[in-house]
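The values are calculated or read from the model by the stated rules, or taken from the named source; none is laboratory data. Keep in mind that this is a model prediction, so the values were computed, not measured. We place every Cβ from the backbone using ideal geometry, glycine too, and count neighbours over all the protein chains shown. Side chains are part of the model used for accessible areas, which takes the heavy atoms of the whole protein and leaves out ligands, DNA and RNA. Shrake-Rupley method; radii C 1.70, N 1.55, O 1.52, S 1.80 Å.
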Amino acid sequence: MTVSVIITCYNYGRFLERAIRSVLDQDIDKSQYEIIVVNDNSSDETSAVMKEYSNRIKQIHNKIQSGISASRNAGIRKARGRYILNLDADDYLDNHILSVQCLFLNNNPEYGAVSCDYFTVDKFENHIERFDGWEVPIACGIMFRKDFLVRIGLYNEDIKIWEEKDLRKRFEEDFKIYNLKIPLYRYRKHGESHTSK
């Protein structure tokens, strides 16, 4: 198993199917990756969407709302892939991201992770703006070597927001991250996002 894509979801059931489909539409063989969806005790249709895709995803259902850091860690611990890619349930992937980022990490062992540029998109999936993934980093769209994440102790579960800044700071103390100047991630902009709240 090459890559584990971890989708964390808290009350984003209305977006979750799009996120899952974007992983299923990847241009690499399906035997090379797995999808792990972590339901952080959602009260919406998240469980129903996960049930619909039960033959294509691995499922984790938190018994209590545990937060993004604990949910990501649960996914990483269950992952079988050498590489980890996080995907927020309200976002989606370009269908080349896994093949391109895997190719980079396979051929550049001196790097611990690879990020990419991304587009923000509206509710109709129109591109709003392109961002440089190095200058304006986000939590997702970065492919990490799993053993390096384990080595730094995964996400700090005491941090409830901007957890990626803490993880990235600790990661870069020991390992290098490269950013590909290709927009391979789609970051959905909407007023209900957890970050905007």
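Worth pointing out:
- Pairs from the list K78/K160; K51/K169; K30/K51; K51/K165; K78/K169 with a Cα-Cα gap above 26 Å: K51/K169; K51/K165.
- Rounded accessible area per residue of the chain, 1.4 Å, Å²: 48 Å²
- Highest-fluctuation residue, V49, V136, V38 considered, GNM on the chain with Cα pairs under 10 Å: V136
- W162 accessible area, assembled protein chains, probe 1.4 Å, Å²: 120 Å²
- Bridging of K181 to aspartates and glutamates at a Cα separation below 18 Å is possible for D94, D117, E129, D132, E135, once same-chain residues fewer than 8 apart are set aside.
- Convex hull volume of the stretch 47-159 per residue (C-alpha atoms, cubic angstrom): 148 Å³
- Computed as a quarter of the hull surface, the mean projected area of the alpha carbon convex hull for the stretch 92-135 stands at 3.7 nm².
- Apolar share of the accessible surface for the chain: 49 percent from carbon plus sulfur atoms, 1.4 Å probe.
- Projected label distance in nm at K160 and F148, using a 7 Å step from Cα toward the beta-carbon: 3.1 nm
- Bridges between two residues of the chain, per DSSP, are antiparallel at a rate of about 30%.
- Residues of the stretch 19-34 falling in the label zone of N106, defined by backbone nitrogen less than 17 Å from a point 7 Å along Cα to beta-carbon, are 26-34.
- Over all distinct Cα-Cα pairs of the chain, the Kirkwood formula returns a hydrodynamic radius of 16.6 Å.
- Hits among aspartates and glutamates - C-alpha to C-alpha of K146 under 19 Å, sequence gap 8 or more where chains match: E34, D88, E110, E157, E163, E164, D166, E172, E173, D174
- Helix-only [θ]222 nm of the chain, DSSP H runs n ≥ 4, -39500 (n - 2.57) each, per residue, nearest 500: -8500 deg cm²/dmol
- Loop GluC sites (Glu not before Pro), the stretch 1-89 (other Cβ atoms within 10 Å of the site Cβ: 12 or fewer; DSSP): none
- Considering only Cα atoms, the convex hull volume of the stretch 1-106 works out to 87 Å³ per residue.
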